[in-house]
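Report on the following structure.
The values are calculated or read from the model by the stated rules, or taken from the named source; none is laboratory data. From a predicted model like this one, the values you see are computed outputs, not experimental measurements. We place every Cβ from the backbone using ideal geometry, glycine too, and count neighbours over all the protein chains shown. Note: accessible area is taken over every heavy atom of the protein model, side chains too, but ligands, DNA and RNA are not part of it. Shrake-Rupley method; radii C 1.70, N 1.55, O 1.52, S 1.80 Å.
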Amino acid sequence: MAIHLYKTSTPSTRKGAVDSQVKSNPQNNLIYGQNRCGKGRNARGIITAGHRGGGHKRLYRKIDFRRNEKDIYGIIVTLEYDPNRNAYICLIHYGDGEKRYILHPRGAIIGDTIVSGIEVPIKMGNALPLSAV
């Protein structure tokens with residue numbers, strides 16, 4: 001992944017870096033709004049824990065942890081940052097037309113093919129399905 005370093009113009013951008021391949025807008029049918037009822041309030045709505053306000057609204061991404069698309073190859077299309085789990089996720093386009101998010105396997109890049117099944121080769125991103133165990 002290509003890392004873009006900021007040209008220093010203010011003290012806050014002195015050691016800043018972003019990944020140029022990471023896309024910011026998520027797939028619309030794989031997200032939903034998550035109700036955040038925290039902010040330090042109890043059931044009556046009274047603040048009981050101070051300094052717990054604000055924050056940016058976050059949309060929850062549906063992650064495919066099961067990987068139950070058996071023996072169907074998928075291509076990594078985008079890398080995205082998931083604010084709910086402080087990790088990168090990948091958008092996968094499977095051969096049957098389905099799209100899913102998975103956690104980003106370390107070392108996988110855009111354009112790699114992944115597959116989940118019982119008789120798949122041992123490679124970064126490939127997975128043994130949970131139902132086969």
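A few remarks follow.
- If only residues of segment 69-85 that are in contact with a Ser or Thr (Cβ under 9 Å, 6 or more places away or on another chain) and not aliphatic (A, V, I, L, M) are counted, the one that is surrounded by the fewest Cβ atoms within 10 Å (Cβ to Cβ) is 71.
- Residue satisfying condition, being aromatic (Phe, Trp, Tyr) and within 16 Å of residue 127 (Cα to Cα), within set 73, 32: 73
- Taken over segment 40-67, the criterion of being in contact (Cβ under 8 Å) with a residue 60 or more places away in the chain and surrounded by 14 or more Cβ atoms within 10 Å (Cβ to Cβ) is satisfied by 67 alone.
- Considering (1) closer than 16 Å to residue 23 by Cβ; (2) in contact with a Lys or Arg (Cβ under 9 Å, 6 or more places away or on another chain), the lone condition that residue 111 does not fulfil carries the number (2).
- Test for residue 109: is it closer than 22 Å to residue 26 by Cα, open to solvent by less than 60 Å² (accessible area, probe 1.4 Å) and not hydroxyl-bearing (Ser, Thr, Tyr): no
- When segment 89-99 is filtered for residues that are buried (at least 20 other Cβ atoms within 10 Å of the Cβ) and either β-branched (Val, Ile, Thr) or touching a residue at least 40 places away in the same chain (Cβ under 8 Å) (or both), the ones remaining, listed by number, are 89, 91, 92.
- Of residues in segment 6-35 being at pLDDT 75 or above and of a type in the set (Val, Ile, Thr), the one nearest to residue 65 (Cα to Cα): 31
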